[in-house]
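Notes follow once the structure below has been shown.
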Amino acid sequence: MVDISVNNLTKFFVIGENLLEGLSFEIQEGECVAILGRNGCGKTTLFRILTGEMDYDDGEVFVNPHKKIGLISQIPHFPAGYSVEDVLRSAYAELHRVKAKMELLEQAMSAGADADQLREYDALTNRFESGGGYGMDVEVDKICNGLGIIAEQRSQLFDSLSGGEKTRVNLARLLLEKTDILLLDEPTNHLDLRSVEWLEQYINDFKGTVLAISHDRYFIDQVADRVIEITDGHAEFYSGNYSFYMDEKQARFDLQMKQYEQEQAKLKQLGYTVERMKGWGINNRTLYRRAMSIQHRMERIKKTERPKTEKTMKATFGEKDFSGDVVFKMKNFGKAFGERTLFSDVELNVEGGERIALLGDNGTGKSTFIKCLLGEEDFQGKLQFGPTVKWGYLPQIIKFSHPERTLYDTMLYEKNCSPQMARDRLGAFLFQGEDVFKTVGTLSGGEQSRLRLCMLMDEKINLLILDEPTNHLDIASREWIEAAIEEFEGVLLFVSHDRYFIEKFAERIWLLDDGEIRDFKCGYQKYRSILEHEQAAKPIITAAPKPKKEKPKGGTKEQDKLIRRLEREIEKQERIVAEYDTKIDAASADYQELTRLLSEKEDAELVLMDLMEQWEAAQNG
C-alpha cells in the first residue's frame, strides 16, 4: 500500500527559479526512507508540503488520508505557563477528554445507573483502554528516559528551555502521539549518543512509515531502507542505506563519465571524418552529401551529460612545529559548580600526534572541560602545556564580534591580510563571487562554521580543539571539513555526537560519565565493544511474575470474599507503584538506576492492571 505519492511536484519562490521541479517518488507502507541533499535544496519545503502547511505550484501530492502524520521540523506554540510535562501530555489530549467524560459519568452513576449510562461508560472505557490510557504514565517515562529528558526538566516551563531542549521535548511528544507516518527533520540534532541509539532502536521497531531528513551518516546507515537524494529539484533513488548510497553514487558517476568520454571520442572522430570528407567533396558532390549525412547523424545522437563533480575546499591548516613529547598533562583536574561536581581527580597525559574524542551524555560537562582546558573557566588541580604548544579552537556556538561586517571585511580586519589574500582564502572555502559581500550575521549556522574554520586554518597551530564541528553542516560540508582535518598532523581533541566523524578520527576516547573521565586507548568500534561487554556482565533484573487470575468459585459469598481480597491487593499494589515515583525522582541523575526503576515500575503497573481486570471480572461474575 502506498502511504505517500508525489508526482511532478514543482515549487518556486522566485519566478523562473524552481526549488523543486518535476519531483516524483512513492513511499510504501512501513518503509524508512532517508531524504538527502544539500542545505537549501528543498527538503524541509517538501515536508511542509506533505503536511499541508505549504502549498505548491504544480504536480500531485497524495498522503494516505487514513493515516495520522507527524512532523517535528517546527516547534508548535503552546499556551503560556505550559510545563514540559504539559507539552508531553498534550500527546494524549483525546484520551484526557475520554477520561474526563468517564469521571463525569462515574459521578452521575454514583447514586444509581441506567442502561444507557452503563453502555456509554463501557464504550468510553474501551476507547480509553484501546488508546493506551492505562499505560500513559509508563509510556511517557519510557520515552523521556530514552531521550534523556530528566525528571527535573519535566517540571520546568517549556518556554524557558533552549532551542535544542525544545526540539527534544517536541520529538518526545510526537513519538507519544502514535502517528502512522513520521516525518523527521534532523531528528538527531541536540541528542547525545545514548539518545540517538535509543531513537534508532525505536525507529527500527516502529511499524509505521518514516521519512527522515538527516545529515547523520551513521544514523542513516542504521535505520534507512533506501535513500532519495534531491538534486537540482529532481529525485535520485538508491535502494539501500548510506553506505550503499555512497558506493552506488560513485559507481553511477564512473559509468556516466565513461559513457561521456566514449561518446566524446566517437563524436571527435566523426567530426574529423566530416571535415576531411567536406574537403574532398569540394569537387565530389557524393562525398560532400555523405559528409553532411554524417554531420546530421552526429546532431541526432542523444548525448550523455558530463557528470558534475562537487566543488571542494582547497585548504589546509598552517601547522606549527612541535618539539617535545608532552602536549599537555593534568593532575587532580576538576570542576564544580556549587555542590554539583562535573568531574574531579582527572589525571591525563597527551602526547604529540594523538587524536582524542571526548564523549558523554548532554549536560555531563564536556564543553566545560574544554573551556577549563583553554583557560576560559576556573578549575581545581594542575594543568600544564608543553612550551611549544599553540592551540586553535572551533566552539560549538560561533559568535563574531562584528556581525554587521561582510565576509570580505571580516578577513581584512581580523586576519590583517591583503585584499587578494582575503579573496583567495574565502575562495578556498567556497565563498566566491558576490558571496564574499554577505554580512556575517546573515550566514546560516553551517556557513558561520565554515567561515570560522577558514579563519582558523590560517593560524600556525599544533593542537586543534573542536566542539561539535559538524553541527548544522550538510554532508558535503562535513566531508570538506574531514578532508582538511585528515591533512592536520598535530594533536586533535574534539567533542562530537557524529559517530561517522568519531569513527573516522578517534584513536583514543575519553568518556565523561558520573563525574569521572575514563580513558580508552582505542578507536570507536573497540570502545563500543568494551561497553557492550561491561553491560552484558551486569546482573539482569527479572520482572516480578504476574499473579494468576483467580475466578470466583460461584455463589455470592465466595464472590464477595474474592472482591474484598482483590480490593486489598489493589490498594497495596497502588502504594507500591506510588513509591516508585519517589524513587525515580531521587535517581533522576543516575541513568542506570533510573532505567532499572522505570522497568520495575512498568512491571508493577502491569501487576496492578492485572488485579484491576480480575476485580472487574469478579464484579461482573
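The values are calculated or read from the model by the stated rules, or taken from the named source; none is laboratory data. Bear in mind the structure is a predicted one, so any value in this text is a computation, not a measurement. Heads up, the Cβs are rebuilt from the backbone with ideal geometry, glycines too, and the neighbour counts pull from every protein chain shown. Note: areas computed on protein heavy atoms with side chains; ligands, DNA, RNA excluded. Shrake-Rupley method; radii C 1.70, N 1.55, O 1.52, S 1.80 Å.
Between a residue in the stretch 40-62 that is farther than 25 Å from Ser444 by Cα and any residue that is of a type outside the set (D, E, K, R) and in a loop (DSSP other than H, G, I, E, B), which pairs come within a Cβ distance under 6 Å, given they are 6 or more apart or on different chains? Listed pairs, sorted by first residue: none to list.
Which one of these is charged (D, E, K, R), open to solvent by 40 Å² or more (accessible area, probe 1.4 Å) and touching a helix residue (DSSP H, G or I) at 6+ places or on another chain (Cβ under 9 Å): Arg217, Arg226?
Arg226
Considering the stretch 296-333, the residues that are under 31 Å from the mean Cα position of the chain (by Cα) and at pLDDT 65 or above include one that is surrounded by the most Cβ atoms within 10 Å (Cβ to Cβ), namely Pro307. Looking across Gly22, Gly70, one residue alone is surrounded by 14 or more Cβ atoms within 10 Å (Cβ to Cβ), touching a His at 6+ places or on another chain (Cβ under 7 Å) and at pLDDT below 90. It is Gly22. Within the bounds of the stretch 378-394, is there any residue that is buried (at least 17 other Cβ atoms within 10 Å of the Cβ) and of a type in the set (Val, Ile, Thr)? Yes, some residue in the stretch 378-394 is buried (at least 17 other Cβ atoms within 10 Å of the Cβ) and of a type in the set (Val, Ile, Thr).
Does the stretch 489-507 hold any residues that are surrounded by fewer than 19 Cβ atoms within 10 Å (Cβ to Cβ) and either free of Cβ contacts under 8 Å to residues at least 12 places away in the same chain or within 17 Å of Gly352 (Cα to Cα) (or both), and which are they?
Initially, the stretch 489-507 is screened for residues surrounded by fewer than 19 Cβ atoms within 10 Å (Cβ to Cβ), giving 489, 503-504, 507.
Correct list: Glu489, Glu507.
Can you confirm whether Tyr82 is in contact (Cβ under 8 Å) with a residue 12 or more places away in the chain, of a type in the set (Ser, Thr, Tyr) and open to solvent by 70 Å² or more (accessible area, probe 1.4 Å)? Don't jump to the end; show me each part of the working.
Details: in contact (Cβ under 8 Å) with a residue 12 or more places away in the chain: yes; of a type in the set (Ser, Thr, Tyr): yes; open to solvent by 70 Å² or more (accessible area, probe 1.4 Å): yes.
Yes, satisfied.
When every residue of the stretch 116-128 is checked against the conditions, none turns out to be within 30 Å of Ser214 (Cα to Cα), crowded, with 18+ Cβ neighbours inside 10 Å and modelled with pLDDT under 90. Taking helices (runs of 4 or more DSSP H) as the structural unit, no element lying wholly within the stretch 79-173 holds at least 3 residues that are touching a Lys or Arg at 6+ places or on another chain (Cβ under 8 Å) and over 25 Å from Leu608 (Cβ atoms).
Which of the residues that make up the stretch 265-298 are part of a helix (DSSP H, G or I) and hydrophobic (A, V, I, L, M, F, W, C)?
Within the stretch 265-298, Ala265, Leu267, Leu270, Val274, Met277, Trp280, Leu287, Ala291, Met292, Ile294, Met298 qualify.
Scanning the stretch 225-263 for residues that are of a type in the set (S, T, N, Q) and within 19 Å of Lys303 (Cβ to Cβ) yields a count of 3. With respect to the conditions (1) within 23 Å of Gly446 (Cβ to Cβ); (2) part of a strand (DSSP E or B); (3) not hydroxyl-bearing (Ser, Thr, Tyr), Val6 lacks only one, and its number is (1).
Based on this model, can you work out whether Phe343 counts as open to solvent by 50 Å² or more (accessible area, probe 1.4 Å) and in contact with a Leu (Cβ under 9 Å, 6 or more places away or on another chain)? First the steps, then the outcome.
On the way: open to solvent by 50 Å² or more (accessible area, probe 1.4 Å): no; in contact with a Leu (Cβ under 9 Å, 6 or more places away or on another chain): yes.
So Phe343 fails the test.
Filter the stretch 360-396 down to the residues that are part of a strand (DSSP E or B) and either out of contact with any strand residue (DSSP E or B) (no Cβ under 8 Å at 6 or more places or on another chain) or farther than 26 Å from Leu473 by Cα (or both) and list them by number.
So the first thing to find is which residues in the stretch 360-396 are part of a strand (DSSP E or B), and the list is 380-385, 391-394.
Correct list: Gln380, Gly381, Lys382, Leu383, Gln384, Phe385.
Any residue in the stretch 455-465 that is farther than 29 Å from Val389 by Cβ, touching a strand residue (DSSP E or B) at 6+ places or on another chain (Cβ under 9 Å) and open to solvent by 10 Å² or more (accessible area, probe 1.4 Å)? Steps first, please.
Let us first name the residues in the stretch 455-465 that are farther than 29 Å from Val389 by Cβ, namely none.
No, because not a single residue in the stretch 455-465 is farther than 29 Å from Val389 by Cβ, touching a strand residue (DSSP E or B) at 6+ places or on another chain (Cβ under 9 Å) and open to solvent by 10 Å² or more (accessible area, probe 1.4 Å).
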